[in-house]
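Worksheet: the structure to be examined is printed underneath.
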Amino acid sequence: AILAASPAPAGKRDVVLHAPMITSEQIGRLARRGDVAASYLIQNVYFWGLPECHQVLGNKRVVNMYPVRESMRAGLRSTFHSDSPVTTPYPLFEAWVAKTRRAQEMPWYVSAKTANCPSVLIDNNLPPGDQSISIRDSLRAFTVNAAWQYGMENERGTLDVGKYADIVMLSADPLSMENDPDQLKTVRVLRTIRYGHVVENPHANDPPIWPGH
């Protein structure tokens, strides 16, 4: 499906879910409304990019799948989700996918080197072109934009006086990794704070389990 629409309950915004093949015209129309968000299942760029290219849609359609950058440039509020357990709920991995647009190359997949399908879903010769976004914009998709999508921008999404202090403490700063996004694979969650309660991660010193590995 091109779009899956989710009408909003009271106090929330309308949401367009998944939207892998949303068009430029649809993005513009939704952005002009100003009261709708697009929530992208961005991990599918990695997990399904090559099968979609080889078996379903071909290179020209797939290379711009999940056009988050175009959406953000148009002013369409954009968020990410995982559809867990469809894909893992792992925001740093989703930020990595959104930044690199890298597709999984499975050694058992017999068509992996055929059909002119790229391992990185970026092609500036196929407008609108590069759909990668910054790590900072991915973090906004999970925080500021997600709070707005749920109609909770006055309660959550940023660290401000009077808002719930939902915090995750990490072993390193993801924003320092814009030029080397593979470093996201090394970041560990040390603890979380929710409603003032600190929860230590008992596996904080273990190597991260990176999806797809």
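Each label point is 7 Å from the Cα along the Cα-to-Cβ direction; what then is the distance between the points at Trp210 and Ile122, in nm?
Distance between label points: 1.7 nm.
Charges at C-beta only: +1 for Lys and Arg, -1 for Asp and Glu. How large is the resulting dipole of region 46-161 about its Cα centre, in Debye rounded to 20?
280
Roughly what would the spin-label model give for Asp166 and Arg191, points 7 Å off Cα along C-beta, in nm?
For Asp166 paired with Arg191, the spin-label model returns 2.0 nm.
Write down the accessible area per residue of the chain in Å², having rolled a 1.4 Å probe over the full set of protein chains.
The answer is 55 Å² per residue.
How much FRET efficiency would the formula 1/(1 + (r/R0)^6) give for Val144 and Arg29, where r is the Cβ-Cβ distance and R0 is 30 Å, rounded to 0.05?
Efficiency at R0 = 30 Å is approximately 0.85.
Accessible area, 1.4 Å probe, largest first: how do Val56, Val161 sort?
Val161, Val56
Accessible area of Met72, 1.4 Å probe, to the nearest 10 Å²?
For Met72, the solvent-accessible surface is approximately 50 Å².
Give the total of Lys-Lys pairs in the chain with Cα-Cα distances below 27 Å; include a pair only if its members are 8 or more places apart or on different chains.
Count of close lysine pairs: 6.
Pulled fully out, how much extra length does the chain show between Gln183 and Leu159, if you take 0.36 nm times their separation in residues and subtract their Cα-Cα distance?
Here the segment from Gln183 to Leu159 would lengthen by 6.1 nm.
The values are calculated or read from the model by the stated rules, or taken from the named source; none is laboratory data. The structure presented is a predicted model; accordingly, all values stated were derived computationally and were not measured. Glycine also receives a Cβ, built like all others from the backbone with ideal geometry; neighbour counts cover every protein chain displayed. With ligands, DNA and RNA removed, areas are computed over all heavy atoms of the protein, side chains included. Shrake-Rupley method; radii C 1.70, N 1.55, O 1.52, S 1.80 Å.
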